[in-house]
Every structure is written in structure tokens, then in C-alpha cells.
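Worksheet: one structure, shown below.
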Amino acid sequence: MEATKIAKSKININTKAIVAVLVFSAFISVFNETILNVALSPLMDEMNVTGGTIQWIITAYMIVVAVLVPVTAFLIQTFETKQLYLGAMTLLLIGTICAACSGSFVMLLISRMLQASGTGMMIPIMMNTVLLVTPPEKHGSAMGVCGCAISLGPALGPAVSGIILQFYSWHVLFIMLIPIIILAMILGSIYLITAGELTKPKIDFISIALSSLGFGGTIYGISSISGDGDIRIIGAIFAIGIISLILFGLRQMYLKEPMLDIRTFKYPVFSIGVLIVMISMMTMFTMNVMLPMFLEGALNATTFVAAMALLPAALANGFVTPIGGKIYDKFGIKILVPVALTITLISLFILSRSNSDTPVIRIIVLYVLVCIGVGFTMSPCQTSSLNQLPKEYYPHGVAILNTLQQISAAIGSSLFIGIMSASELKALSNSVPEQAAIATGFQSGTLVAVIFVIIGLGLSFTLKLGDEK
């Protein structure tokens, strides 16, 4: 009994340090995800590869993260938190060092996949541990801080790299991260503890194989829709992914110790919250890709200006996300999320009316409002969803949330950008000037995003049925 009190006291004393280390490490991990987004064109020239090939730098990263997240749900219950954390950060460090030294496309691709394996483990480790070391009444604030790292990292990646690439080689993007990762590992080895109970479930290699084929094949298929690959091969891989996911889900239903417990979906608020988080992630991730394309193509902005145009929105999102968590702790989700999604919807609709004559400042302000709405949506929805689950389901709920976020990012980028490209080509075929055609494509892609946000807004009104606040 005394030992338990001491353990609880230790957790209370170190909670802030634990959360700070994990959030800092997760930020570094997800920052890596988009750090090369604005460097793809120079990389194509330097490594003498096509656009379809260089896109694998991003696609492979997303696939590895999606595969590793559900596997980590099992690992969290098997290994001590500090061991797992140091393992994830070691993979990230090795991948970063290799990326900094890369001189070929293949070497860079392998390096990015190593980085992604660390990222895929780091996000569930952070969210699961933070939920366990913080009291339930503070979950909103804690998840708000976690959400800030998860959303701010990918949003800042293109902006920071856009600045650095004005003066230095892309190798510097990775060199600068090496000492930061080492610092995080030192802090983690000092402060991290194992907060949850290690159940050490039996390894089910069939589930791991089905999970890897399922999530990997699905994201590959979705990400390749708008590419120039063989549609038959892409379709076959996508079909294998879907079938594997179905078999994976069925297998989990019958295992005594499932790798990823999909019974979390029997909680309606969790399921609805997951869908809203997916829509929010889809919207912000895709706009971070579409907006630079629009600014550079339709408004003749430089890469630097396009990157800087995204920065205010990224900072605004990072600022409001923890505030959204605090508001959730005090007032619940009933009003907060519908209002936030309304802000996103109105701003995104006005943004969809942009053309080649629209001032850049107007686009920046509108996108800031979009990201504010997303910031006030994602963290409360994640917290509300996970709060509906018993504690033993936390690793599974966290893994499901983060895996589906990666899938939603892939869906959004492929669907919206595919529609943008198709609409642009149609306009060009009708002899529309190139700048106007790009603006037309942007309008079409953004309007589809508006439709998804409308669906999310409708779903948000049902969240109050399960809100315990």
C-alpha cells in the first residue's frame, strides 16, 4: 500500500516533466513528416527522378507511420515506457543521421522510412502515457497540449524548411535536428516512467502481417490515385489492403488478447469523435499542400512567400489547440465543437471563392480562421472520444485515432488534389489561361473539403449525447 502511494506521488511530482518530454519529442517526430514538402522540386533535379518517384518521400513516410501506430498499441502493453520511448527516438535519430548523409534517392527514402518508424511509435506513446499520468478532469488540457504538438509540427515543417532552403542545402534540415533529438533522448531517460500496467499480451504475427498489409496497402492505393502509376497495379494493392483490413478486424474480434481492439467502436461517442478528427485532419493536411500550389501557380508567389503564408495559420492553430482543451475541461464539448466547425466551414467556403486576383493577405487571414476552427475541434474531440473508453482500451483507442488520422491525410491529399488537378486540366482544355485554370482547380478541390466539413458539423451535434461534462 505504501509503495503504491509513493508511486502515485512520484507520478504527480513528475507529471509536468513527463508531459513536456513526450510532447517535445512528438513535435520533433511529426515536424519531420512535412519537412521535405517544399524541397521536392530541387530534390527531383538533384537526384534526377520524376515527380511520381519523388512523391514516395512523402507517401512512404505516411505508410510506415500508419503501419507502426497499431503495432505500438501492442508494444505499449509489452515494454516499459522508457524502453519503448528510447527505441522510437533511436530509430528517429538513426534515420535523421542517414538522411543528412544521403546522396541518392534510395538512401533518402530508406532514411525517411527509418524516421517514420520512430514517429509511428512516438505519437501513441505520448498520448497513452499522458492520459495515464494526468487526472481525468485535466485530460482536456493535457490532450490539448498533445494536439498542439501533433498539428503544429506538420504545419511548421514547410514554413521552417522554406526559410532554411533559401540559404542552405536540404541536408541542413536534418543536420539541425540531430542535437535536438539527442537532447530529447537524454531528458526522456531522466524523467520517463512506466505509468500503465504491462499485460504482456501474446504476439500474434498473423495480426501484425494483416495490419501491415491492410494499412500499408490502403494508404498506398489512396495516395497513388492522382499519380501516374499503373491503375491496375494500384487497384490490386488497394484491394489487398482492404481485404487485409477486413480479415484483421475479424481476427481481432476472436482473439483473447487482440493486437488492436476494435471493440472501441461500440462506444458511439468514440466513433463519431474519430470521424470528426479525421475530417479535421484531412482538411488541414490537404490545405497545407493545396495552398502553396495555388499561391505559386495562380498568384505567382515564390516558394518562400508560400511557406510564410502558411506560418500564421500554423502558429494560430498551435496557440488555440491547448486553449480548446482547457475550454473542454470546463464546459464540455456540446457548444465548443459545433461553433469551431462553423468557423472552419464559413472560412473554408469563402477561401474556396479565391481566384488569381485575390490578395494574399485575405488568403492568409481566411486560412488562419480555418486553422483556429480545426484547433478548437481536434483536441476536444480526441479527449471526448478517449474519455468514453475504459482505461484498458486507451492504447487501442489512441492507436485507432492516430492510424485513421494518417489514412485521412492520405485520402484528403489524393482526393482533393486529384479533383484540383482534374478541374485545372479541364479548364486548360477550354483555353483558360494557366493562372485562372489553377485557381479554378483550387476552388473545386476546396469545395469538396467544404462538403466534408458540413458532414463533420452535422455529426458534432450528436456528440452531446455522450458528453459527460
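The values are calculated or read from the model by the stated rules, or taken from the named source; none is laboratory data. Since the model is a prediction, treat every value here as computed from it, not as a measurement. Don't worry about glycine lacking a Cβ; one is built from the backbone with ideal geometry, like all the others, and counts go over all protein chains shown.
Within segment 59-75, can one find any residue that is over 22 Å from Ser169 (Cα atoms), among the polar types (S, T, N, Q) and in contact (Cβ under 8 Å) with a residue 12 or more places away in the chain?
yes
For segment 155-179, enumerate the residues that are part of a helix (DSSP H, G or I) and crowded, with 21+ Cβ neighbours inside 10 Å.
Hits for segment 155-179 are Ala155, Leu156, Gly157, Pro158, Ala159, Ser161, Gly162, Leu173, Phe174, Leu177.
Kindly check whether there is at least one residue in segment 365-384 that is modelled with pLDDT under 85 and over 18 Å from the mean Cα position of the chain (by Cα).
yes
Does Ile182 meet the test of being in a loop (DSSP other than H, G, I, E, B), exposed (fewer than 15 other Cβ atoms within 10 Å of the Cβ) and among the hydrophobic types (A, V, I, L, M, F, W, C)?
No, not satisfied.
Condition (residue is in contact (Cβ under 8 Å) with a residue 60 or more places away in the chain and either more than 24 Å from Tyr393 (Cα to Cα) or aromatic (Phe, Trp, Tyr) (or both)) applied to segment 251-261: is it met by at least one residue?
Checking segment 251-261: not a single residue is in contact (Cβ under 8 Å) with a residue 60 or more places away in the chain and either more than 24 Å from Tyr393 (Cα to Cα) or aromatic (Phe, Trp, Tyr) (or both).
Since Leu389 meets every condition but one in (1) surrounded by 24 or more Cβ atoms within 10 Å (Cβ to Cβ); (2) not in a helix (DSSP H, G or I), which condition does it not meet?
(1)
So for segment 433-443 (the condition being surrounded by fewer than 21 Cβ atoms within 10 Å (Cβ to Cβ) and within 30 Å of Gly241 (Cβ to Cβ)), does at least one residue qualify?
The answer is no, given that none of the residues of segment 433-443 is surrounded by fewer than 21 Cβ atoms within 10 Å (Cβ to Cβ) and within 30 Å of Gly241 (Cβ to Cβ).
With segment 37-154 as the region, which helices (runs of 4 or more DSSP H) entirely inside it contain at least 1 residues that are assigned by TED's automatic domain parsing to the domain that holds Ser189 and modelled with pLDDT under 80?
40-47, 51-54, 56-76, 105-133
Name the residue, out of Phe294, Phe248, that is aromatic (Phe, Trp, Tyr), assigned to a helix (DSSP H, G or I) and within 27 Å of Glu434 (Cα to Cα).
Going through Phe294, Phe248 in turn, the sole match is Phe294.
Residue under question is Ser423, and the condition is that it be surrounded by 16 or more Cβ atoms within 10 Å (Cβ to Cβ), more than 20 Å from the chain's Cα centre (by Cα) and not acidic (Asp, Glu); does it hold?
So Ser423 fits the description; yes.
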